[in-house]
Amino acid sequence: MCVIGIILSVTSSLSSSSLSSFSSLSSLSTLSLLSFWTATIKNTNEEGQASAASSIITSNSNSNTISNNNNNNNLIPLPQKAVQAEAQAEQVQIQKAEVQEGEVQEVQEAVSVLNIHVVPHSHDDVGWLKTIDQYYYGLNNTIQDVSVQNILTSVIQSLLENPKRTFTYVEMKFFTLWYNQQSLDLQQQVYHLIHSTKQLNFVNGGWCMHDEGTTHYIGMIDQTTLGHTFLRQELNVIPTIGWQLDPFGHSKTQASLLTYKMGMNALYFGRIDYQDLSIRQLTKECEGLWNFNMKDDPSKTSADDNSSIFWGLTGSYNGNYGPPGNFCFDIHCGKGYIPLIDMKHQQLIQHITTFLLSVREQSERTAEKSNNIMITMGEDFQYQNASINYANLDLLINTIMQNNTDIDIPSIFGPQYNQINIFYSSPEYYTQCKYNETSSKVKSYDDFFPYSDCPNCFWTGYFTSRPSLKKFERIGSSFILASRQILSSRTSISTSSLTNPTVSNTCTDQMYLLDDAHGVLQHHDGVSGTSKQHVAYDYAKRLQEGIDGVVPCLIHKLKDQFLGGNSSSNDNDNDDNNDNKYLKDLTYCQLLNETICDISTSSTSSNSSNTDLYVIVYNSLASERSTVIDLPVGSSGKYIIVDSFRPFILSRSNSVDNNDNDDDSVNDSSFVLSFMADSLPPVGGKVFRIRKQTESELLVDKKDQQQIKGNNNSNNIIRDDDDDLTEIFNGRFTVAVNTKTGNIHRIGSHDLFKQQQQQQQQEGQKGQNKNNLIAGLSAWGYYTSFDSNGTSSQNSGAYIFRPSTPNQKLHFIPVTNTTVVNNIADSGGGGHGGIEIHTKYEVPWIQTITRICKDVPYIEVEYQVGPIPVNDGVGKEIVTRYNTNVDNDATFYTDSNGREFMKRQRNHRPTWDLSVYEPVAGNYYPVNTAIYVERKQQGQRNDEPSSPSRSAAFAVVTDRTQGGSSILDYTVELMVHRRTLVDDGRGVGEPINETDIGITSCPPYGNTNRIGEGLIIRGKHRIIVVDEKRETTISATTTTNTTTEVGNKSNDFDDSFGAQLARSEMDASFAEPLVFVGTAPSSEETPFRVKSFSGLKKSLPHNIMLITKQLLCDDNDEKEEEQEKESTPTSTSTFLVRLGHQYAIGEDIVLSLPVNIDLSIIFPGQSIKDIQETTLSGNRDIEDWRNERFDWTGTGTGETDKKNDDVSSESYTITLTPMDIRTFKIQIK
């Protein structure tokens, strides 16, 4: 039992013989338990021992066990009971070995105990005010006097000194640094603290405490897996508690994937909206169940409706994660702090009484029948001198438990509790106690965004802060996805990188460094953009170094794939000759978004000759794709691109015209060659040969571009119409463009376009929303940032978005010039495959290019913004607003970390009443990958029950996280860039003011002044639109024999076609192809072994993503020397494989169906030896988790999970249900 409803006066410690009886204690009833304690106390009294009861019990309530921090032992430490109240003990007559049931009930009614779980912890940011290394080693202490190394050393020493003490830790990046520096003897003592005495506890267990508002689910999974792998391999620990204390809002994906699917039983966090918090405090709903798939939830996403986790607030339910009141016991508590250990008795009693009053207040904010509360004793970077912290805590606990007559417990806690039990504990043990309670648990189903801590303090600015770092993080995540696939791909060459131990080990080390760098960037002050500037630089530096270290491994592997023995011959001389001859300079083109690729530019310059340029395009998606590749070239002219001996000619100008705000660092090339890379194989690559035809034929000259002054440069995909509107048809949809202004007035079907045009002529109106025409696709503008000018008002800064006035209108920036360029060729050759609309604005720091490409199902808007001017002393928040034909009735949808879509309503929260103070900032939400609005035909406006409407949807897919909203009906807006001049008072101590050169030193050596001009950023939005005709454009059965639909249709289909539009491009936008370029002599044919390859037997369905294919271990490496490089190794390899269903219930009539997948498809040319399904991080067998996880809803542990989940032993076929992600360790022979 975890909560005992009686109090016993224990004046003697338990004898050793009594301890042996504890193994069966969990199975005892309350009556038997009382009898057990009666007999035990009589025995210990007879032995004359005089210390308090303290031991270990087994908890096995409801047939569940706890395995955190000790995977082979179900024992849980019972907290110190100490000496209980003598007055109550006198009323409890325990002189008989057996007690009647009625007497037990009477005792239970007479005495009620509150168990106070004291949880010491330290929240150690993996970068914020200082870099990771500065924090760990205690450097640059003029910024913050912190050394995490000292914290961990001091804590471990304090735990070893007293077996009653506990400590909870999170950040594995720091812990691995510390652990790997320790002696073997100390490492063994750490193991003892974890498993024997259970004093050291790990929660979350990720590389960092990741953000929830700006992260993508793949990055969240990867960083958690990195930490979990260390814990399991080095310390045999499996975390079972989520611990997200500091992130600035909490997502549904955190609950569904990063807690439940990670095998955790509960999730604790500190920050929620202050209005929501105050309501929960009054209604005693500061803890409860987060049922992320409730049946009455209109945004339900998964087939598992019984999935729930327990959630609770930390920090005494006050919106933080520190101790109650001001009871800080750390050396950095600040001025005026007096440690308990320095107080005289009367002062000590007064402080402890005040402490207990705070505890009483906390106890009144949770369920009435609860007998357990958790006190989080710690904050940022505390316990640097842990002996002081623990000395104070020891004194606090011991003074209370001594039943000092100066402390009147009944008067403080009555009438609900007349006794308390305070002890060192852990989040895991606290969760077990909450699970054993019979109190009802309030259910929640929404998320906790946006977060605000005062009426004008919405933490919605960080959704956009540091947009270049946010994009870089997304690039890094996509690069890791592809790198794991490439390095795990199989070649027939015995000397490949993965059968050469030296190369393989090097690549393993480099991948670890890349995972490390990307893992720390997931931190809630990393990708969020809320660190100091020099820390942001450090994050970027680490990630770039990680990428640079892996690139040579990828190049080596790709050469093996494409050139085979022609690249790596057994003849060393010939091998060197070929390496120097063919693709000797193969390079990864990382900076294509900045129009930079040195090899492609130099090899196509006017001075180059006798060389061909080869482009290898790698597709990490599990389905075949075609995409436009923009490649910088060094000179104008016509180029022949050979794709598997199919030549075609392409030409196109540079992607963004040279302008005043361009410099060499932004645009190195004057010319860009754009071509359609067709039929890229799934999880594979394809090579293209590019050869310049003649120098006399210009690629694209500015004289060939025509300003839109009444004339239009038309071709085969454009047809002129009346009223200055030109209809552009790309094979998928039509776009109506005004030939004078360049504005796009409608996107949709051709038939509907003609109907609307006729209606428009009849009514004599143009551009009216009621005719389904829009004034223009997009408009650009900005909100001015609030600046208090030194007063106490809330500023707009790194965390906070606050316009100068709450209802501020967007300051629009007029268009000054528009140019149409026809310059994208299709694979058929000789014809243009699309157009571009180049738009310039009244200010030189905004430019856009709108692209409409043949057979591409979306419109691409590429933007370049910056440097944002601040010479007027005013910060600015740059926004693009898209006009739609969708009457969305104040409703829009945003994704949750790239997974679930969340319904948002303007000025509304689904589970509590919102008082509106910031109608702009308070309606911004994180858009991690997509935002959409939709209007269903059968639906009506809430305020106009009889108004006519037509089905329509408008979706925008982003290339990074941005803040987004629908501030006005018929619109969607996204904040793409921001620059403020003042700090927002949330701790970082700097404005969000990025420049292109850098900063001066931090105080006291400098003032962190910004050097250079403001930051220039580029980005892309993909616009997908549907009008009254809705069709499923992608079939779930594209690849034969790959998938089997479970059922004929989705019974839960609710025609959520806005989500379907967004999902059709979300994965493609995330996993952009990797482009490598190299050269070879044009005088001879390059001896390619293959010109394309795939890591799959065939494509997976479009609604399935191969989230991870990672080589974990390869026995070939260990047996290479023994086999003396046999051509066919006989040993096994183990892979980590994750597959995800990318559609939710009700989003598509076909794509939302469950799908059967044959796992053998992922391993062409290989056979499966063994399959083990695991939890999401791969640290635990899935069946063990199902049998041991807490069944919070009482519906049966794991029954829902097991449906359709068994892997067929014959065909290796699994079933993926909507929004599910399944993880496997697969052995290949």
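The values are calculated or read from the model by the stated rules, or taken from the named source; none is laboratory data. Just so you know, these numbers come straight off a predicted model, no measurement behind them. Using ideal geometry, Cβ is built from the backbone for each residue, glycine included, and neighbour counts are taken over all protein chains shown.
Some notes on this structure:
- Yes/no for residue 272 being touching a strand residue (DSSP E or B) at 6+ places or on another chain (Cβ under 7 Å) and under 19 Å from residue 914 (Cβ atoms): yes
- Considering the range 191-216, and only residues there that are in contact with a Leu (Cβ under 7 Å, 6 or more places away or on another chain) and assigned to a helix (DSSP H, G or I), the residue that is farthest from residue 380 (Cα to Cα) turns out to be 191.
- Taken over the range 960-979, the residue count meeting the criterion of being under 18 Å from residue 1015 (Cα atoms) and either among the hydroxyl-bearing types (Ser, Thr, Tyr) or assigned to a loop (DSSP other than H, G, I, E, B) (or both) is 2.
- Residue match in the range 329-342 (condition: of a type in the set (Lys, Arg), modelled with pLDDT of 90 or more and not in a helix (DSSP H, G or I)): no
- Whichever residue in the range 255-277 is within 17 Å of the chain's Cα centre (by Cα) and in a helix (DSSP H, G or I) and, among such residues, is surrounded by the fewest Cβ atoms within 10 Å (Cβ to Cβ): 261
- Any hit, the range 751-759, residues being at pLDDT below 80 and within 36 Å of the chain's Cα centre (by Cα): no
- Residue match in the range 376-384 (condition: surrounded by fewer than 19 Cβ atoms within 10 Å (Cβ to Cβ) and either in contact with a His (Cβ under 6 Å, 6 or more places away or on another chain) or assigned by TED's automatic domain parsing to the domain that holds residue 319 (or both)): no
- Within the range 855-889, being of a type in the set (A, V, I, L, M, F, W, C), outside any strand (DSSP E or B) and under 16 Å from residue 953 (Cβ atoms) holds for one residue alone: 886.
- Any hit, the range 414-425, residues being out of contact with any Leu (no Cβ under 9 Å at 6 or more places or on another chain), more than 30 Å from residue 346 (Cα to Cα) and not polar (S, T, N, Q): no
- Annotation: residue 835 fulfils all but one of (1) at pLDDT below 90; (2) within 31 Å of the chain's Cα centre (by Cα); (3) assigned to a strand (DSSP E or B); (4) of a type outside the set (D, E, K, R); the unmet one is (2).
- Candidate set from the range 760-791 (those that are under 30 Å from residue 871 (Cβ atoms) and β-branched (Val, Ile, Thr)); member that is modelled with the highest pLDDT: 784
- When 550, 527, 535 are screened for being among the hydrophobic types (A, V, I, L, M, F, W, C), modelled with pLDDT of 90 or more, in a loop (DSSP other than H, G, I, E, B) and buried (at least 22 other Cβ atoms within 10 Å of the Cβ), only 527 passes.
- Criterion applied to 506, 499 was being at pLDDT below 95, of a type in the set (Val, Ile, Thr) and part of a helix (DSSP H, G or I), and the one residue passing it is 506.
- Within the range 414-430, residues that are in contact (Cβ under 8 Å) with a residue 24 or more places away in the chain have Cβ atoms under 7 Å from residues that are among the hydroxyl-bearing types (Ser, Thr, Tyr) and assigned to a strand (DSSP E or B) in these pairs: 426/168; 427/168; 427/268, counting only partners at least 6 apart in sequence or on another chain.
- Pair list, Cβ under 6 Å, 6 or more apart: the range 354-370 residue under 27 Å from residue 443 (Cβ atoms), other residue among the aromatic types (Phe, Trp, Tyr) and buried (at least 20 other Cβ atoms within 10 Å of the Cβ): 360/413; 362/317; 365/317
- First in the range 154-165 and assigned by TED's automatic domain parsing to the domain that holds residue 182 and at negative phi, second anywhere and assigned to a helix (DSSP H, G or I) and charged (D, E, K, R), Cβ under 9 Å, 6 or more apart: 162/394; 164/394; 165/394
- In the range 578-631, residue modelled with the lowest pLDDT [restricted to those that are in a strand (DSSP E or B) and among the polar types (S, T, N, Q)]: 611
- Test: residue 292 is surrounded by 22 or more Cβ atoms within 10 Å (Cβ to Cβ), at pLDDT below 95 and part of a strand (DSSP E or B): no
- A search for C-beta distances below 7 Å between a residue of the range 634-650 that is surrounded by 15 or more Cβ atoms within 10 Å (Cβ to Cβ) and modelled with pLDDT under 60 and any residue that is polar (S, T, N, Q) and part of a strand (DSSP E or B), counting only pairs 6+ apart in sequence or on different chains, returns 650/674.
- Flag for residue 221 being crowded, with 24+ Cβ neighbours inside 10 Å and of a type in the set (Val, Ile, Thr): yes
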